[in-house]
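Notes follow the structure.
The values are calculated or read from the model by the stated rules, or taken from the named source; none is laboratory data. Please read these numbers as outputs of a predicted model, since none were measured by experiment. Note: ideal-geometry Cβ built from the backbone for every residue, glycine included; neighbour counts use all protein chains shown.
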Amino acid sequence: MNSILQSINSPQDLKGMDMASINMLAEEIRQLLVNSVSQCGGHLAANLGVVELTLALHYVYNTPTDKIIWDVGHQSYVHKILTGRQHQMPTLRQYGGISGFPKNEESEHDAYNTGHSSTSISAALGMAIARDIKKEKHSVLAVIGDGALTGGMAFEALNHAGQEDHDFTVILNDNEMSISRNVGAMSAYLNRLRTDPSYSRTKDEIETALHRIPAIGPNIARAAGRFKDMVKYLMVPGILFEELGFTYIGPVNGHNLEELIQVLTNAAKMKGPVFIHVITQKGRGYAPALEKPDVFHGIGPFDINTGQQPRKSVKTYTEIFGEFMLNRAAIDPRVIAITAAMASGTGLAPFARQYPDRFFDVGICEPHAVTLAAGMARAGLRPVVAIYSTFLQRAYDQIVQDVALQNLPVILAIDRAGLVGEDGATHHGVFDLSYLRSIPNLTVMAPADENELIKMFNTAFTISGPVAIRYPRGIGQGAAATDEEETIPIGQAKILATGDDLAVIGIGRGVSFARDLVQLAAEYNISATLVDARFVKPIDKPCIKSIAQKCGRIVTIEDNVLQGGFGSTVLEILQEEGLPSQILRAGIPDEFVEHGRVDILFDYLDMNAEALLEKVINRWPELVNNSAGWELLKFGES
């Protein structure tokens, strides 16, 4: 049997296809999704849930002329398949391959780059306003999930959109509900009735007629209007969106192609903002994803037959943080855990089960999470806010105004710091050291290994002000974690090795790169001091001054942007102290780093030992004692 999918090279190939063929195409797409994500990893469950919705969107609308903005964008794989990228799916999220999120650099069908949630309605409204100012004629749609709709920015946009009254459509992809009876024949009929243009026209005609009948007059007309509003409040499930100025349609069965196509076709003819509530099933079509949609929301490579991932021999930083929180909560009743829709992702799911009264998932509301913690801290609790580095950026003002300005003991557990790999530029947590170290009262730490992670959290609970601890995604160095309540001296670095030729200072994951550099340098008779900085703020000034006076040559290594990062801190100290030392900084350059395996990305950034040593020699050629050996290294033959 010939594959229908093989004949789809653009959305235009869908036009005119019969429903039976499109339904068969949906199943082929699901199989491709499972096959591709099992090899590359990615966001599987949500994509399995939007197959029919995506097919219906491309059947009714005409991209790239019409604009579809996918909120977050993790559910855009089907869209990519239908817009000429199906043969690139084996490269999904791989270095040099297609992104796991929409990218207009990748395809003209990707109307807007996304990666963080709750932005689509704002962007779509902006595009609709621009369209009308330019007197163009095309449709604009935002596809947003029920999770992303918890973000305050989404409601800000809905509020503004109702006021502006431009033509555009918001589609709520609600994948938390099962498809129940209210999505049956009667509901489908009511949806068709409400989206039929003649229905809106009839309502207007009836109201006009009431005003024109002399025997009734305006008073009875007003009474009829109030009665109509009463009925609407009783019978319209989306009254909130109606009151915001949207025409609400729904709920719609997100897996019934005929119903979806009819609703979208009618909605495309409606004036003003339209809100379509679509019910989908996360993980649909693949049993393991259907049973555990949270696990398959974002998953690494797995076995298709079992849905199982390869077992890890070493615990991740996230898992160790989760265990620490359980242990700490057992001895301190003031400990509270807060996260923003990331209970599993931040390792707090076991905490939520064991201490449900002390766990708060606020939804995708990072600013609220931080200020909520500030209120708790002011009232005497010890809240720990666990948020990915890239998402914590959204709460910068709250960290400054609500936490640091009041010097409140809020602990920020910053997961996924540094490069995160396959999720790419929208998710790399490479800005936190720069945007945190300028904030007064805030202590900023970064562990070199798992053992140090626990010591830092122990230390955080001894500090009466705000603390930020940032740590990377995945496993660490394999250091044996400890349950002991050992702390580390605040603001004190740790010297791991001594040498006279130069000093290499690493922070966080940078310590691993620094260690490799020092070991390789030793093979070429270059003696180096190795330092684990541990603290970005307060930084160990006496240690920096001491090694600067001893070595005169300093290398700093961090997985943060170089602008305003850890290396900049060291530079500032050297300048303030008037020390004549020379410094070489290694870190993330002034660019957005693409997606790919972390080790490949660090190689691309010249942050492996060989590349770093070459930079050292180029900067200080007088260090070379064995020119022949250096030449071998330089050309990759050592």
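State all residues of region 407-430 that are in contact with a strand residue (DSSP E or B) (Cβ under 7 Å, 6 or more places away or on another chain) and aliphatic (A, V, I, L, M); if no residue qualifies, say none.
The answer is Val410, Ile411, Leu412, Ala413, Ile414, Ala417, Leu419, Val420, Val430.
Quick check: anything in region 103-119 crowded, with 20+ Cβ neighbours inside 10 Å, without any contact (Cβ under 8 Å) to a residue 40 or more places away in the chain and in contact with an Asp or Glu (Cβ under 6 Å, 6 or more places away or on another chain)?
Yes: region 103-119 contains one or more residues that are crowded, with 20+ Cβ neighbours inside 10 Å, without any contact (Cβ under 8 Å) to a residue 40 or more places away in the chain and in contact with an Asp or Glu (Cβ under 6 Å, 6 or more places away or on another chain).
Condition first: under 22 Å from the mean Cα position of the chain (by Cα) and over 14 Å from Gln281 (Cα atoms). Now tell me which residues in region 44-75 satisfy that.
Within region 44-75, Ile68, Ile69, Trp70, Asp71, Val72, Gly73, His74 qualify.
Against the conditions (1) within 21 Å of Val295 (Cα to Cα); (2) surrounded by fewer than 19 Cβ atoms within 10 Å (Cβ to Cβ), where does Asp357 fall short? Just the number, please.
(1)
Which ones in region 267-278 are touching a Ser or Thr at 6+ places or on another chain (Cβ under 8 Å) and crowded, with 20+ Cβ neighbours inside 10 Å?
Listed by number, the residues that qualify are Ala267, Pro273, Val274, Phe275, Ile276.
Taking region 6-56 as the search range and keeping residues that are among the hydroxyl-bearing types (Ser, Thr, Tyr) and assigned to a helix (DSSP H, G or I), which one is modelled with the highest pLDDT?
Taking the candidates together, the pick is Thr54.
For Phe296, work out the one condition from (1) within 30 Å of Thr371 (Cα to Cα); (2) part of a loop (DSSP other than H, G, I, E, B) it doesn't fulfil.
Phe296 satisfies all of (1) within 30 Å of Thr371 (Cα to Cα); (2) part of a loop (DSSP other than H, G, I, E, B) except (1).
Return the residue satisfying two criteria in turn: it lies in region 553-587 and is assigned to a loop (DSSP other than H, G, I, E, B) and modelled with pLDDT under 95, and of such residues it is nearest to Gly421 (Cα to Cα).
Of everything passing the filter in region 553-587, Ser581 is nearest to Gly421 (Cα to Cα).
Does Gly145 satisfy the criteria of being crowded, with 18+ Cβ neighbours inside 10 Å, in contact with a helix residue (DSSP H, G or I) (Cβ under 9 Å, 6 or more places away or on another chain) and either under 28 Å from Asp423 (Cα atoms) or of a type in the set (D, E, K, R) (or both)?
Criteria met by Gly145.
Checking Ser3 against (1) in contact with a Ser or Thr (Cβ under 9 Å, 6 or more places away or on another chain); (2) outside any helix (DSSP H, G or I), which single condition isn't satisfied?
Among (1) in contact with a Ser or Thr (Cβ under 9 Å, 6 or more places away or on another chain); (2) outside any helix (DSSP H, G or I), Ser3 violates only (1).
Exactly one of these conditions fails for Leu44: (1) aliphatic (A, V, I, L, M); (2) under 24 Å from Arg597 (Cα atoms); (3) surrounded by fewer than 18 Cβ atoms within 10 Å (Cβ to Cβ). Give me its number.
Here Leu44 meets the rest and fails (3).
Within region 387-396, is even one residue surrounded by fewer than 22 Cβ atoms within 10 Å (Cβ to Cβ) and out of contact with any Gly (no Cβ under 9 Å at 6 or more places or on another chain)?
yes
Which one of Ser568, Ser581, Ser527 is polar (S, T, N, Q) and either surrounded by fewer than 18 Cβ atoms within 10 Å (Cβ to Cβ) or in contact with a Pro (Cβ under 8 Å, 6 or more places away or on another chain) (or both)?
Testing whether each residue is polar (S, T, N, Q) and either surrounded by fewer than 18 Cβ atoms within 10 Å (Cβ to Cβ) or in contact with a Pro (Cβ under 8 Å, 6 or more places away or on another chain) (or both) leaves just Ser527.
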